[in-house]
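Down below is the structure, laid out as structure tokens.
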Amino acid sequence: MSLPLLTAVTPQYESGLTAKLGTSGSVHVVRRCADLAELLGAVAAGIGRVAVVSADLRGLDGAAIRELVDRGVLVLGVHRPGDEAGERMLRRWAVAVVVPADVDQPTLDAALTELVSTADEPRLPSAREPRVDAAAATDGGPGERPSGPHGTAAEVDGEAPTPAGAPERGKVVVVWGPVGSPGRTTVAVNVAAELAEVDTPVMLVDLDTYGASVAQVLAVLDEAPGVAAAARAADQGTLARAALLRLAPEVAPGLRVLTGLPRPDRWPELREHAVQDVLAECADLVPLTVVDIGFCLEADEELSFDTTAPRRNGAALAALEAADEVVVVGSADPVALQRLVRGLDQLAEVTDVPTTVTVNRVRAGAVGKDPGRRVREALRRFAGVEDVVLVTEDRASIDAAVLEGRTLREARPGSPARTGLRELAARVGGHPLAPAGRRAGTRRAARV
Ligand SMILES: Nc1ncnc2c1ncn2[C@@H]1O[C@H](COP(=O)(O)OP(=O)(O)OP(=O)(O)O)[C@@H](O)[C@H]1O
Ligand SMILES: [Mg+2]
């Protein structure tokens with residue numbers, strides 16, 4: 001069998017490699033692409049089953065490799081002779097077979113035979129499946145991610161040894177709610193903070209592509225690079241444990257934050273593949289990741305066949321795909337409750353993981369006397385939801401906490417809203433929390 005092959009290799013090695021490829025029995029060269037765009041275009045047009053790419057090809061990143069793999073293309077990576085970083089990067093992007101650009105003919109033939117023999121094997125694991133770090137497995141170089149289970153904050157900060165056995169993955173909880181600012185961020189921040197007391201450390205990730213606000217709520221420095229930098233590193237194959245820790249400062253005891261986009265118009269930076277990688281890395285690193293996502297779950301159907309096109313809601317959809325559980329937040333007024341009922345249907349079209357419904361800002365003024373009972377009744381009747389966690393309207397405490405840039409646990413431990421938020425946290429964590437009411441430990445300085 002001889003498969004059609006495309007090359008996209010930097011000029012220095014292009015002609016030498018192509019000559020060697022031309023004599024191989026397992027492939028035949030059908031196009032020599034000048035750049036990555038031409039390669040992706042050819043692949044999208046269905047030309048070629050094998051692609052040879054060089055590590056230093058302009059614009060090549062993890063997303064491009066996945067794009068090739070998703071289209072069923074077998075990828076052979078080449079790197080400059082002696083370029084260990086280039087080789088490692090290709091392996092991190094899970095390029096199946098990697099050789100130096102000055103590879104001799106027999107080695108190249110053997111590499112191609114190996115590659116072509118994988119033609120019918122299953123493809124790459126998805127973000128939710130345990131991944132093998134190819135680089136760590138092969139060269140064990142510095143800064144590699146141990147596939148270890150989670151530990152205390154100190155263990156995560158330090159170089160804790162990796163016990164043998166299958167890697168244990170942390171839980172990913174996504175906080176979502178329909179349009180109208182029902183309190184997604186307030187819930188995400190405070191549930192994460194409550195659980196940080198027990199499931200230390202907790203990673204809070206702001207993936208709202210319409211209006212990220214975790215950084216402001218927790219008074220994290222504007223310059224904190226956060227999730228956009230993590231997504232970039234994921235695309236470049238450099239998002240290891242140490243990089244993630246650097247990008248996620250500890251802003252409250254046991255609580256690390258990957259801040260969101262500083263401006264909503266930067267949403268194309270949060271590509272789905274990169275978001276999946278970031279969340280998979282978080283789940284490798286910490287026992288609990290809490291994700292705040294935007295309200296909109298529409299899939300941009302017209303773009304879903306073009307896997308290179310960024311989608312505004314791609315980050316939210318990727319987060320839901322990675323989620324083990326979703327906390328659905330609605331607000332306690334008639335308009336918001338109706339949106340919540342519709343939103344639950346919409347969510348069910350996207351994910352089937354367990355959900356916990358919470359209704360925030362519960363107050364008599366909006367729904368009448370005995371508001372908790374009325375809210376429960378409405379949800380039972382119109383959405384068939386029997387179990388709801390109620391969080392009371394508590395403007396004064398929440399305003400005060402935001403003004404101080406702290407969580408309720410730190411700033412207003414005895415506040416009425418905290419009671420419902422702690423009940424929600426206990427459900428999400430799957431265990432009771434220690435009695436509330438005391439002020440949490442001293443805030444640690446934000447580290448970036
Ligand atoms: N229980 C509450 N009592 C009083 N005010 C609240 C409560 N929960 C949230 N708020 C306030 O409601 C507003 C919206 O909350 P939040 O930002 O958490 O919502 P969101 O759903 O994340 O909104 P966005 O659409 O901006 O992402 C904020 O001003 C917040 O302080
Ligand atoms: Mg928000």
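Fully extending the segment from Arg58 to Ser117, taken as 0.36 nm per residue of separation minus the present Cα-Cα distance, adds 18.4 nm. All Cα-Cα distances of the range 3-124, cut into 5 Å bins from zero to the largest, leave 2, 12, 25, 28, 22, 10, 1 percent in each bin in turn. The residue list Ser397, Ala319, Val341 was ranked by how far each Cα lies along the charge dipole of the range 318-415 toward its positive end, using unit charges on Cβ atoms, and Ser397 comes out on top. Restricting to the range 156-429, compute how many DSSP beta bridges are antiparallel as a %, nearest 5. Of all bridge pairs located within the range 156-429, approximately 5 percent are antiparallel. Coupling constants for the range 274-286 follow from the phi torsions by the Karplus curve (6.51 cos²θ - 1.76 cosθ + 1.60, θ = phi - 60°), and in residue order they are 5, 4, 4, 5, 4, 5, 5, 5, 4, 5, 6, 8, 10 Hz; glycine and proline get x. Remark: the Asp265-Asp300 segment gains 10.9 nm on full extension, using 0.36 nm per residue and subtracting the alpha carbon distance. The ranking of Arg406, Arg373 from fewest to most other beta carbons within 10 Å of each one's beta carbon is Arg373, Arg406.
Among Glu377, Glu410, the ranking by other beta carbons within 10 Å of each residue's beta carbon, starting with the fewest, stands as Glu377, Glu410. With R₀ fixed at 30 Å, the C-beta to C-beta distance from Ala37 to Val353 puts the FRET efficiency at about 0.20.
Dipole check for the range 3-124: with +1 at the C-beta of Lys and Arg, -1 at the C-beta of Asp and Glu, and the Cα centre as origin, the magnitude is about 220 Debye. Fewest neighbouring Cβ atoms within 10 Å first, the residues Asp56, Asp292, Asp277, Asp102 line up as Asp102, Asp56, Asp277, Asp292.
Since every read-out is calculated from the coordinates, none of them should be taken as a lab result. Model, not experiment: these values are computed from the prediction. Cβ atoms come from the backbone with ideal geometry, glycine included; neighbour counts cover every protein chain shown.
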